[in-house]
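What follows is a short report on a single structure.
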């Protein structure tokens, strides 16, 4: 009989701490709903005490998610723990996840605490959390660089104080599979009361060993694995959920472990997160990269055509990747559109369905046929269309290799239109300068990326921009069959986010004192 393993997803907490990976409240809530469809066991929704935005995200997700446990991180401090509970208390299955560092270097230079002080804080803060919440997880930050005898004492105190889950993080990605496996076994053998708690692991990828270390820990007896979608996170990131889950699924003969994850939702989850944070999935990324199921070499193509398993150890459909079938055109009706979205796994509100159907009709007038990939791009893009403080009315671009690029842009705000022209070093530079004239904002463009999100000559192009205003970095996205229009929409999206209240949720007002 296979043993059940729990998947703890921290995309919305550790993943979002990765530079440039912030999401607004609506995006976080949508990711949480997708994680629920993915059937992870625990969603770590954020670090409630870190900022007002994080608190609202944890609170909203806690109220809306029904099928997963919802956790909030908290330092081993009374105020952090109380704020976490305030955000979590309406969740059906809440969990407070508190932590303190246990390595000599962290205790001396960061905490400035002695071993006895750390032991006492562990005891008191776990007890405090347990008095508020039935389920408490305790993490010994930087466990892999801690003195083992001291680590055992800390974990024993945490379990005695009421922690139901004990997390062993490889905080700086320092360990190796053999070493980490031995640590997990030693914890089981040297912490007398460990049988009263689940053992969890949380591995970082600084040496590229996060997934390998996580799997080694699972073989050694860990029953909860902490990870993120696409492996995003601090520095080099975390163990990637999709790689862990598919390794367990594909090599059941080796691991003899099962998870409840709905693997057919993996690709959609990875694509959604990639879209929201504006970081593309690398083509050679394991499991979900565009090359993961591509075969160019003749001998590989011949083998796969003869029998798929010659060069594919898993099927594309197992992660929810279907063929790019043409399904809809400009004559398709709302019912067929809605049914196709259902088959793709999307359940939209009436308002979002109306908006997306309108966008579909506009796209269908420009394209001969609309593919599943087009539909998914439209759905993801509906989040890029808000808020509409400034709305693009029209644009005219003149450019060439013998003239200076010029742009004429007309925007409206509160039903009042304004038009400006500008010159620049290329069409996009001119367009952005014209937008700046109208809005009065001077922004520094830090990154501009364009890519095709669908196939064919009439493919939709997605532009992602990152702009800076003082200490704020804002992500903007735009989608169109015209890449110039997509670029203007992306820049305008960033401007609108900067001007809106949503931006307050993306700016971290309190430095997050966590690096699990």
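The values are calculated or read from the model by the stated rules, or taken from the named source; none is laboratory data. Predicted model only: the values in this text are computed from it and were never measured. Counting neighbours? That spans all protein chains shown, and the Cβs are built from the backbone with ideal geometry, glycine included.
Which residues, counting only those in segment 36-70, are in contact with a helix residue (DSSP H, G or I) (Cβ under 7 Å, 6 or more places away or on another chain), surrounded by fewer than 22 Cβ atoms within 10 Å (Cβ to Cβ) and on the phi > 0 side of the Ramachandran plot?
none
Could you please let me know if residue 90 is in a helix (DSSP H, G or I) and either in the same structural domain as residue 66 (by TED's automatic domain parsing) or crowded, with 24+ Cβ neighbours inside 10 Å (or both)?
In short, no.
Determine the pairs where a residue that is within 14 Å of residue 388 (Cβ to Cβ), located within segment 412-426, has a partner that is at pLDDT below 95 and not in a strand (DSSP E or B) with Cβ atoms under 8 Å apart, the partner being 6 or more residues away or on another chain.
412/390; 413/389; 413/390
Please enumerate the residues belonging to segment 348-357 that are free of Cβ contacts under 8 Å to residues at least 24 places away in the same chain and within 13 Å of residue 338 (Cβ to Cβ). It would help to see each step written out before you state the result.
Within segment 348-357, the first condition is being free of Cβ contacts under 8 Å to residues at least 24 places away in the same chain, and the residues that meet it are 349-351, 353-354, 357.
Residues satisfying the conditions are 349, 350, 353, 354, 357.
Of the residues in segment 422-448, how many are surrounded by 14 or more Cβ atoms within 10 Å (Cβ to Cβ) and not in a helix (DSSP H, G or I)?
Our first condition is that a residue be surrounded by 14 or more Cβ atoms within 10 Å (Cβ to Cβ); within segment 422-448, this holds for 422-424, 427-439, 441, 443, 445, 448.
Then keep just the ones that are not in a helix (DSSP H, G or I); that gives 422-424, 441, 443, 445, 448.
Residues in segment 422-448 being surrounded by 14 or more Cβ atoms within 10 Å (Cβ to Cβ) and not in a helix (DSSP H, G or I): 7 in total.
Can you say whether residue 264 is under 30 Å from residue 463 (Cα atoms) and either within 26 Å of the chain's Cα centre (by Cα) or free of Cβ contacts under 8 Å to residues at least 60 places away in the same chain (or both), as far as the supplied structure shows? Write out each step before concluding.
Details: under 30 Å from residue 463 (Cα atoms): yes; either within 26 Å of the chain's Cα centre (by Cα) or free of Cβ contacts under 8 Å to residues at least 60 places away in the same chain (or both): yes.
Here the answer is yes, as residue 264 does meet what is asked.
How many residues are within 14 Å of residue 241 (Cα to Cα) and surrounded by fewer than 24 Cβ atoms within 10 Å (Cβ to Cβ) when one looks only at segment 1-35?
4
Any residue that is free of Cβ contacts under 8 Å to residues at least 60 places away in the same chain and part of a loop (DSSP other than H, G, I, E, B) - is there at least one of those in segment 75-82?
Looking for residues that are free of Cβ contacts under 8 Å to residues at least 60 places away in the same chain and part of a loop (DSSP other than H, G, I, E, B), one finds at least one in segment 75-82, hence yes.
What are the residues in segment 172-217 that are surrounded by fewer than 23 Cβ atoms within 10 Å (Cβ to Cβ) and within 17 Å of residue 259 (Cβ to Cβ), if any?
If the condition is that a residue be surrounded by fewer than 23 Cβ atoms within 10 Å (Cβ to Cβ) and within 17 Å of residue 259 (Cβ to Cβ), then 198, 199 are the ones that fit.
Given the conditions (1) in the same structural domain as residue 99 (by TED's automatic domain parsing); (2) assigned to a loop (DSSP other than H, G, I, E, B), report the number of the one that residue 244 does not fulfil.
Unmet for residue 244, out of (1) in the same structural domain as residue 99 (by TED's automatic domain parsing); (2) assigned to a loop (DSSP other than H, G, I, E, B): (2).
Considering only residues that are over 11 Å from the mean Cα position of the chain (by Cα) and assigned to a helix (DSSP H, G or I), look in segment 267-285 and name the one that is surrounded by the fewest Cβ atoms within 10 Å (Cβ to Cβ).
Step one: list which residues in segment 267-285 are over 11 Å from the mean Cα position of the chain (by Cα), which gives 267-268, 280-285.
The next check asks that each one be assigned to a helix (DSSP H, G or I); those that pass are 267-268.
Values: 267: 22, 268: 20.
Among residues in segment 267-285 that are over 11 Å from the mean Cα position of the chain (by Cα) and assigned to a helix (DSSP H, G or I), the one surrounded by the fewest Cβ atoms within 10 Å (Cβ to Cβ) is 268.
Among the residues of segment 367-376, is there at least one that is more than 14 Å from residue 459 (Cβ to Cβ) and modelled with pLDDT of 75 or more?
At the first step, the residues of segment 367-376 found to be more than 14 Å from residue 459 (Cβ to Cβ) are none.
No, that holds for no residue.
Can you tell me which of 478, 461, 424, 487 is under 29 Å from residue 376 (Cα atoms), modelled with pLDDT of 90 or more and in contact with a helix residue (DSSP H, G or I) (Cβ under 6 Å, 6 or more places away or on another chain)?
Numbers: 478 fails: modelled with pLDDT of 90 or more; 461 fails: modelled with pLDDT of 90 or more; 424 fails: under 29 Å from residue 376 (Cα atoms).
Exactly one residue qualifies, and that residue is 487.
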